[in-house]
Structure formats: structure tokens, C-alpha cells
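Asker: The structure that follows is given in the form of C-alpha cells.
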Amino acid sequence: KELRDRLARMQAESAGLQAESDEWTHLFSVTKSVGGVIREEEMVEVVRETVHTHLKHPAYILLIAHGGILQVRAQEGFDENLLGGASFSSNSTTLATWFARQKEPILVDDLRQDTRFPGAMFPFRAVMVLPMWIKETSLGILLVFDERAHAFSRQDFTRTWILCNQLALGVGKALLYERVEELSITDGLTKLYRHRYFQERLDQELDR
């Protein structure tokens, strides 16, 4: 009996170590994926893959900030006609912008029981609010939902926040790259295209 008890404890410890190892492996794979992309569209695909592979909660919304506008760049579990390509002003009073203004992650165990969210807004009960910030700049937000109340453990929440920080670095890099690319073909004062852009577009049109 003593040997069986000791074996059971060792198996439990082994399972815990394996779970921890899997978490670090997931984090490494996400970091590697983030390091290999420079464009926003590619980064959106990395977020999609991360949500499906590592979070295992298929309902989510990814919003990315552009010049004071929050735009839905990816979502699942919601009506595409309702959210597909939707955007919100950062100064609006929508729930999405309230979420985005939060600098710290929020775990809501039950939306219907939380006084900050009157009424049943979604068919979902639990939500993880994961804002993406670099220094003082808001890059967007990842919202992960579940239909069950208390669906997310504190361990889920911590792991997802670590993953989201890695994704935020990728989003920031992609937005910076596109900004630099834009500045290379437009005049910073007049916002008009430079001669270089004219030459590139002319070549494209000649090829077409």
C-alpha cells in the first residue's frame, strides 16, 4: 500500500510537470511565430492559430487600434454580419472601447452576475479581457469567451495573459512596420504620395 501511494504521488507530480512543460512549449512556439511575421495580416493569422491551438476556447474577438479607431480583425463565435469588419471610435461609449481602455487584464467569471455589465449581453457567461499595450500605446484587445460561468481557471487566465503579451509585441511590430512602410511612400507633411510610389505603381500597371 505504501508503494502504491508513493507511485500515485509520483504520477501526480509527473502529470503536473508535464502540464508545466506543455505550457512553456506553447509559449515558445507562440514567441517563435511572432518573431517570424512583420505584417498585420500575418499577425492576425498568428492570433487565430494561437487561440485555436493553445486556448481551446473558440469564441473570441480580436480588435486592433488604428488612429483612434478599434477595428475587428478576427472573431469566432459571433454573427459575421454583426461583427465582420466592425469598427468603433476609441472615444465611443461601447463595451469594446471600455474593454480596450483597461491597462490590466480582467477575468469575469459570470457576465450576468457582474454589476458592471447589466443584462445578458451575449450568450456567453465568462470572458477574459486581455488588453494589448506597449508602454503608453494601446494596440488593441483580445476577448476570449465561454458559454459557461467560471469556465476559466486562474491558471488559464495567467497563461493566456502571458501569451497575449507575446502577441502584443507582434502586433506592435507589425503596426510599426506598416507605419514605416507608409512613411517611405508618402510625404509626412502633405500626406501625398512620393515619386517612389508613383514609379512602383507605374511598373505594376505596365506589368498588368
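The values are calculated or read from the model by the stated rules, or taken from the named source; none is laboratory data. Remember, predicted model here, so these are calculated numbers, not experimental data. Cβ sites come from the backbone with ideal geometry, for glycine too, and all protein chains shown count toward neighbours. Just the protein is used for accessible areas: all its heavy atoms, side chains included, with ligands, DNA and RNA removed. Shrake-Rupley method; radii C 1.70, N 1.55, O 1.52, S 1.80 Å.
Asker: Using a probe of 1.4 angstrom, how much of the accessible area of region 168-208 is carbon and sulfur, in percent? Spell out each step's value before the answer.
Answerer: Numbers: 1910 of 3220 Å².
Exposed carbon and sulfur together represent 59 percent of the surface.
Asker: To the nearest 10 Å², what's residue 52's accessible area with a 1.4 Å probe?
Answerer: We get 90 Å² for residue 52.
Asker: Roll a 1.4 Å probe over the protein chains and send me the accessible area per residue for region 49-208 in Å². Numbers along the way, then the final one.
Answerer: On the way: 9220 Å² over 160 residues.
That works out to 58 Å² for each residue.
Asker: Could you go through region 185-191 in sequence order and give the Karplus-derived ³J(HN,Hα) for each residue, using 6.51 cos²θ - 1.76 cosθ + 1.60 with θ = phi - 60°, rounded to whole Hz, and x for Gly and Pro?
Answerer: 10, 10, 7, x, 8, 8, 6
Asker: Let me ask something additional. Taking the simple approach of a point 7 Å from Cα along Cα-to-Cβ for both residue 38 and residue 7, what is their distance in nm?
Answerer: My value for the distance between the label points is 5.7 nm.
Asker: How much accessible surface area, in Å² rounded to 10, belongs to the heavy atoms of residue 83 with a 1.4 Å probe?
Answerer: 20 Å²
Asker: Could you tell me the calculated FRET efficiency between residue 158 and residue 81, based on Cβ-Cβ distance and R0 = 25 angstrom, to the nearest 0.05?
Answerer: So the FRET efficiency works out to roughly 0.10.
Asker: What is the dipole size for the chain, taken about its Cα centre, with +1 at each Lys and Arg Cβ and -1 at each Asp and Glu Cβ, in debye to the nearest 20?
Answerer: Computed charge dipole of the chain: roughly 500 debye.
Asker: Still on this structure, please answer the following. Residues of region 135-177 with amide nitrogen under 15 Å from the 7 Å Cα-to-Cβ point of residue 94?
Answerer: Inside the label zone: 140-143.
Asker: Hey, another quick one. If packing is taken as the mean number of other Cβ atoms within 10 Å per residue, what is the order of 169-178, 92-101, highest first?
Answerer: 169-178, 92-101
Asker: Bin all alpha-carbon pair distances of the chain at 10 Å intervals from 0 and give each bin's fraction as a whole percent.
Answerer: Calculated over all Cα pairs of the chain, the distribution is 8, 27, 30, 18, 11, 5, 1, 1, 0 percent.
Asker: Once you have a ≥ b ≥ c as the square roots of the Cα gyration tensor eigenvalues for region 80-179, tell me rounded if a/c is under 1.5, and otherwise prolate or oblate according to whether a/b is larger than b/c.
Answerer: oblate
Asker: For every helix of n ≥ 4 consecutive DSSP H residues, a contribution of -39,500 (n - 2.57) applies; sum these over the chain, divide by its total residues, and give [θ] at 222 nm rounded to the nearest 500 deg cm²/dmol.
Answerer: Details: 6 runs with 101 residues, N = 208.
Using -39500 (n - 2.57) per qualifying helix, the result is -16500 deg cm²/dmol.
Asker: Sequence-distant or interchain residues sharing an amide H contact under 5 Å with residue 125, placed H: which?
Answerer: 146, 147, 148
Asker: Helix 40-50 sits at what angle to the longest principal axis of the chain, using alpha carbons and giving 0 to 90 degrees rounded to 10?
Answerer: Tilt of helix 40-50: around 10 degrees.
Asker: Given 0.36 nm per residue, what is the gain on full extension from residue 114 to residue 184 after removing their alpha carbon distance, in nm?
Answerer: Length gained, residue 114 through residue 184: 20.4 nm.
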